[in-house]
Structure formats: C-alpha cells, structure tokens
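One structure is given here, and the rest of the page talks about it.
The values are calculated or read from the model by the stated rules, or taken from the named source; none is laboratory data. Quick caveat, the model's predicted, so the values are computed rather than measured. Don't worry about glycine lacking a Cβ; one is built from the backbone with ideal geometry, like all the others, and counts go over all protein chains shown.
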Amino acid sequence: MIHQKYVDDYIHLYETGKIKLNKERILLIEYLRKYVLNRGDLYFDDEMIENCIKFGEKWYFPLQPFQKFLIAFVFLFYKNNHRVFYRKHLWMLGRGGGKNGLISVITHFLISELHGIEEYNISVVANSEEQAKTSPDEVHKTIKRHEILQKAFKTTLTQTVSKKTGSVLKFRTSNGETKDGLRDGAVVFDEIHQYESNKDVRVHISGLGKKPNPREFYIGTDGYVRDGFLDKLKEKAMKVLNGEARPNALFPFICKLDDESEVEDPSNWEKANPMLSEPRSEYAQGLFETIKEEYEDLEDDPSNREEFMTKRMNLPVTDLERSVAKWEEIEATNQPMPNLLGRECIGCIDFASIRDFAACGLVFKHEGKYPFITHSFARKEFVDKYYSYSKKHDAEMAGKRKFAPIREWEKQGLLTVVDEPTINPQHIVNWFVEMRKYYNIKKIVGDNFRMEILRTLLEEAGFEVEVIRNPRAIHSLLAPRVETGFANQLFIFGDNPLMRWYTNNVLVVIKKDGNKEYQKKEPIRRKTDGFQCFVYGLYRVDELSDYNLEESLDALDALNF
C-alpha cells in the first residue's frame, strides 16, 4: 500500500464518523484501496503536494481536508517515467463548495516555478466569458494584492504569465474560434453541465500531450441538460468506481445527496457540499446559513425547489416541480363577484379524505371570465391536530393557527367545521340543494372515487352527475387553460383567503412524458381540495353559455315590436 498524509487523513475522517460521505465517495475510497493505493508502481510527490498546499494557504485561503485530498491526486505519478497517473479529474460539488477557488490555487501553482515545467499553459473554458474568467480573475486579483507575486508573474485582465516558466493562464469560451493548435499543459472545463456534447471539449484537449504531465479538470454542479456531455462523464465515473473501466480513466470526486428525502436533514447537506463538514470555517458557516434560508423559503415558494436540489444538493429532481401560479396571480383572483343569480354553472366536488377536508363549488362563465363560488367542510379532530383550531391561547400552537387560520375562515363563512368521525356526505348534498335555489346547476362533476360515495345521494336530490374516470389525465388537458387563466386574471374567487391558500398549496409536477399533474406541496397540512374542485368544474365549463337566460327574456319582453 502507498500512503499519503492528506489522503489517509481524509479517509480517517470518514471511517471515524467525523464526516458524512455520499455513495459515490464511499465507492471512491473502496476503489482507491482496491485499484490504486495497493499498487507498487505509483508514488505521491509529497514535496509537490506540500508546496501546492502551502502556496494556496499563503496567498489564497485555508484549505479544507477534501481540498488537500484532491490536490494529492493531482500529483500522483508512475515511478518509472514520472508521468501523472490521472490525466482527467472530475469534481462535482454543490454550489458554494469552493471548486473555482481550488482551481485558482492549482492553476496558479501549475504555471509557477514551483511546478517547474516551462510553458505549461492552462486554458479555463466555459460556455460564457463571465464564467470562464472566474478563476483567472481570482488569480489576477491575488497577484495585484501582493508585491511579491508581482515579481514572479505578469498579469492583465486577459492572462497571467509566469516570468520564470513562461507559462500562461488564460480563459476561453467553449464556442470561440481559433482553438486548434493550442499547446496547453492543462485545460479546465467549468460549468460542465452546460455542454450538450463533447465536440468543443475535443477541440480544446487536442493540443494536450505536447507538454509533460497533461491534465484535464472537469468541474461544476449538475444541471438540466440530460443525455449530454456531463451524463456521459458521470457514466464513465461510475464505471471507474465499479471497476469496469481502466483505473486511471478518470478521478471522480462526486458529492451529492443519495436521495431527495435527505434534504430534510441539514446534517446530510455535507454529502453534496464537503465545505459544510464540521468544524466549519467562517466562510462555510456563512454558506450553511445561506443554504438554510434558501431551503426554508421553499416551504412558501417551492418553485425554486428544482434549482435548489440541482445546484445546492447536486441532485436534479426527476420531476420538475412548480407552483401552479405566482402569488401575485393568485392574489389577482380577489375580484368582486359579479351578479350570478339565475346563471348556469357546473357543480364540482373534491375531497382527499372524508376524514379531513371536503370542498364543493360552482364554476360560471361571465364576460370571458370564470367566477367560482365554493364552500368547504373540515373535521374538528383534524383541524385541532394540525391547525390548533380549538386552542385559542396556546403560544406553542400559534404557528399552527397562523399556518391555516381555520377559525377565522369559519367566521367568514368560507368553511364549516363538523365534529364527526367522518364528514357526512349529506352536508355536501345539502349545500348544492341550497345553491340550486339561486343558480342553474347543469350537472355536478367529480372523480370516480368521490362519486362512489356521493353519486346516489346527488341523483336522488335531482342532480345530473358526471364521473371523471381518470382525473389525472384532465390535469394535463386543462393545464394550458389554468396557466392562461391565472396569467390573464380570468379567475374570480372573490375575497376568499381559503381558496387562495388551497391554490398556493398546489404543486405542478411535470412527468417524464411531459404531462402535468396537480399535487400538494406537503401531503398533510397543505390542502388543495378547493383548487382540485375548481379544476373539475373547468373540465365542463365550456358547456355553459356566457349569458343569463332570464335577463335575455326580460330584454325581449321590453322590446316594442
């Protein structure tokens, strides 16, 4: 076995429970022991490793154990010819993990006389000039701050040159021209998730090999381009880790959550971002607080969840999740309810369970808009448990009441709390019977599960009933109408905070086939019954006329023929 101080230290941190590693890094340790560290033909250049670390900590920042671990493998060589063992390095970490900072240190060191290879030029490549300049700019600013460094390096906004070795560090864009014929010693590809293919990568690495010890660094966080360059690179990484590829085909350092559910425990976040491991530096603690705030914000606005999981946790979520509408669009439903007496409407029903909430409603057409009158029923036991309905002065429960002020909504007449083992379906039937006195209910729509309970009761009361066999299918069908309706303020709920709450709790999930479903942001407390009820009404709203029959007859009677 070959040993290296910083490699052994990092593995020891994991084995003693000081740090948490994701599956890929656990596999990395096993793979290193099985295929790399047990070899007799390799050696770590400890002097070069120490020089690089000291260089980074003197001119940049204190290096964390995982960064020293990564540096060690940059300087792992064959004994017989002193060539680098790893030409390709893949570093994938959550945003804020210090990828660019570490690349600044390493690239600055590699062009220096401490590395000692003349004209060891390095290009930093990214899709945008702004991103490509990140590390070269940091090197430039560091040199500008220190007179000693200015004696060794000549730096401008476009490149840094070592006076001793003639090595040049510069940035390039992946879509730039005149790439052929580059004589680089190393190439850094930043934000690799944005590469759709390896076409541009091949051009940039074509000049490698003309200098000793060529290196390629692929750094970044996961992204949204699927089946592209990054996915192929990840496949290669897994083959290496599983012993299915040449051991030195790639050095894969991949940090991510193992499962989406792990995000709920902040102690797991270091799996995606090793900068967050204890003890944290001042920078890392600030980063942790920032990520925590972003995570807490998702409870009220989950529209950023995909971005958070992809960029912070390095784990693209399988389904793209979105709020059904912006809060400003939901607020815009607070329009005065027009006079709808005598008008045609579609009745609609939804309840997730007769043990918690049920919603019923009437959808109208009126001057190109869709007014919605609704009422809900809730079980007392449920709202006591989750919203502190009965506890008026319990400070511990204040947050629950604020989450859903059931008592306030009850006072406003928006819902009825019933003290029953289950919500009696007759309450819903009675509501429609009462509404029939004022409006012309053409039919009542609900899905198969709900109508199994209610259909007979409603038909006995004289209503036509339509059963939706596949309610999820109509979500995708109606999604364009729902999006357009909110965006153009076509939905009228009146001043109904309960309906706004229902709507804000809806999560739009885009399935693999592109179809959309309306689900919940949180399965228990965040109810969506009123919104689902409204969607069922929209399903048949085109059967309604946009005029009042009685008003039309009155107008005809008024005409003097």
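Structure summary
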read-out	value
So residue 29, is it more than 13 Å from residue 274 (Cβ to Cβ), crowded, with 18+ Cβ neighbours inside 10 Å and of a type outside the set (Gly, Ala, Ser)	no
Residue within region 256-268 that is surrounded by 15 or more Cβ atoms within 10 Å (Cβ to Cβ), farther than 27 Å from residue 510 by Cβ, of a type in the set (S, T, N, Q) and more than 13 Å from the chain's Cα centre (by Cα) present	no
Which numbered condition residue 234 fails, given (1) surrounded by fewer than 22 Cβ atoms within 10 Å (Cβ to Cβ); (2) not in a helix (DSSP H, G or I)	(2)
Any hit, region 106-127, residues being over 15 Å from residue 185 (Cα atoms) and either within 26 Å of the chain's Cα centre (by Cα) or charged (D, E, K, R) (or both)	yes
Members of region 466-489 that are surrounded by fewer than 18 Cβ atoms within 10 Å (Cβ to Cβ) and either among the polar types (S, T, N, Q) or closer than 24 Å to residue 366 by Cα (or both)	470, 476, 477, 480, 481, 483, 484, 487, 488, 489
Helices (runs of 4 or more DSSP H) fully within region 399-474 counting 2 or more residues that are farther than 19 Å from residue 530 by Cβ	425-435, 448-460
Selected residue [in a strand (DSSP E or B), assigned by TED's automatic domain parsing to the domain that holds residue 195 and out of contact with any Phe, Trp or Tyr (no Cβ under 8 Å at 6 or more places or on another chain)] from 148, 122	122
Region 489-521: number of residues that are within 22 Å of residue 355 (Cα to Cα), part of a loop (DSSP other than H, G, I, E, B) and without any contact (Cβ under 8 Å) to a residue 60 or more places away in the chain	1
Some residue of region 207-221 being at pLDDT below 85, part of a loop (DSSP other than H, G, I, E, B) and more than 23 Å from residue 116 (Cα to Cα)	no
Test for residue 250: is it farther than 28 Å from residue 88 by Cα, touching a residue at least 60 places away in the same chain (Cβ under 8 Å) and surrounded by 12 or more Cβ atoms within 10 Å (Cβ to Cβ)	no
Helices (runs of 4 or more DSSP H) lying entirely in region 20-112 (those with 2 or more residues that are among the charged types (D, E, K, R))	23-31, 46-59
Flag for residue 404 being at pLDDT below 90, among the aliphatic types (A, V, I, L, M) and surrounded by 14 or more Cβ atoms within 10 Å (Cβ to Cβ)	yes
